[in-house]
Amino acid sequence: GENVEQHPSTLSVQEGDSAVIKCTYSDSASNYFPWYKQELGKGPQLIIDIRSNVGEKKDQRIAVTLNKTAKHFSLHITETQPEDSAVYFCAASGGSGNTGKLIFGQGTTLQVKP
Amino acid sequence: DVKVTQSSRYLVKRTGEKVFLECVQDMDHENMFWYRQDPGLGLRLIYFSYDVKMKEKGDIPEGYSVSREKKERFSLILESASTNQTSMYLCASSLYGETEAFFGQGTRLTVV
């Protein structure tokens, strides 16, 4: 089955700097790659997603890139703000024989220091 | 707004008890999921359902079972609770494959 590895597990940046979180996946048939943000005491919420027919997607300060050959995708947050502090999860779906199963990475705790 | 509601925020159960965690979604979604969240291990899929009475095992199904008799409700059952099942449990739903998943707020289960 699909396996998703996420790095780093923790990331600390100064306000205004950029943050990058990286994920790799194992099933080359996967075709949907969402990113979720989890704030304290809440369930994860989708912040951006990308499908396999696209190499990059941007939404204001966040962007996601996908390299299907390397089975690798990344989240980029520019001009970080304290409210970006949270746990971020990558995920993959649509792999071989997949009926919509969504497999997550281990999570990255991002701390933005004022 | 999509709403995914988990029946309890906090639950304390004794070892050996049969435990039911309930999840209800209000948007006619096809897919429903149960995840377990532990520090450093991320969200691990326990079971997934893509239709009423249809289910697939996730990565860690041992010690758990599920029930989906109605489209809007997905129940997670711990047949005989053990202390290593102490964790945060998250339910989610999505319209169909490869679409946004919406999560409930989670149930913090403690087995003593």
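Taken together, the values in this text are just the output of simple stated rules run on the coordinates, not laboratory data. Since we're looking at a predicted model, the values are computed, not measured. Positions of Cβ are generated from backbone atoms using ideal geometry, with glycine treated the same way; all protein chains shown enter the neighbour counts.
Brief remarks on what is shown
- Flag if residue B:48 is hydrophobic (A, V, I, L, M, F, W, C) and touching a Ser or Thr at 6+ places or on another chain (Cβ under 7 Å): no
- Residue within the stretch B:54-69 that is part of a loop (DSSP other than H, G, I, E, B) and within 11 Å of residue B:23 (Cβ to Cβ) present: no
- Among the residues of the stretch B:70-85, the one identified as assigned to a strand (DSSP E or B) and hydroxyl-bearing (Ser, Thr, Tyr) is B:75.
- Residues located in the stretch B:78-112, provided they are more than 9 Å from chain A (Cβ to nearest Cβ), among the β-branched types (Val, Ile, Thr) and surrounded by 15 or more Cβ atoms within 10 Å (Cβ to Cβ): B:86, B:107, B:111
- The stretch B:4-53, residues that are in a loop (DSSP other than H, G, I, E, B) and within 11 Å of chain A (Cβ to nearest Cβ): B:9, B:29, B:30, B:39, B:40, B:41
- Test set (1) under 15 Å from the mean Cα position of the chain (by Cα); (2) without any contact (Cβ under 8 Å) to a residue 40 or more places away in the chain - residue A:69 fails condition number: (1)
- Residues in the stretch A:55-114 that are within 14 Å of chain B (Cβ to nearest Cβ), in contact with a Phe, Trp or Tyr (Cβ under 8 Å, 6 or more places away or on another chain) and either loosely packed, with under 14 Cβ neighbours inside 10 Å or on the phi > 0 side of the Ramachandran plot (or both): A:94, A:100, A:107.
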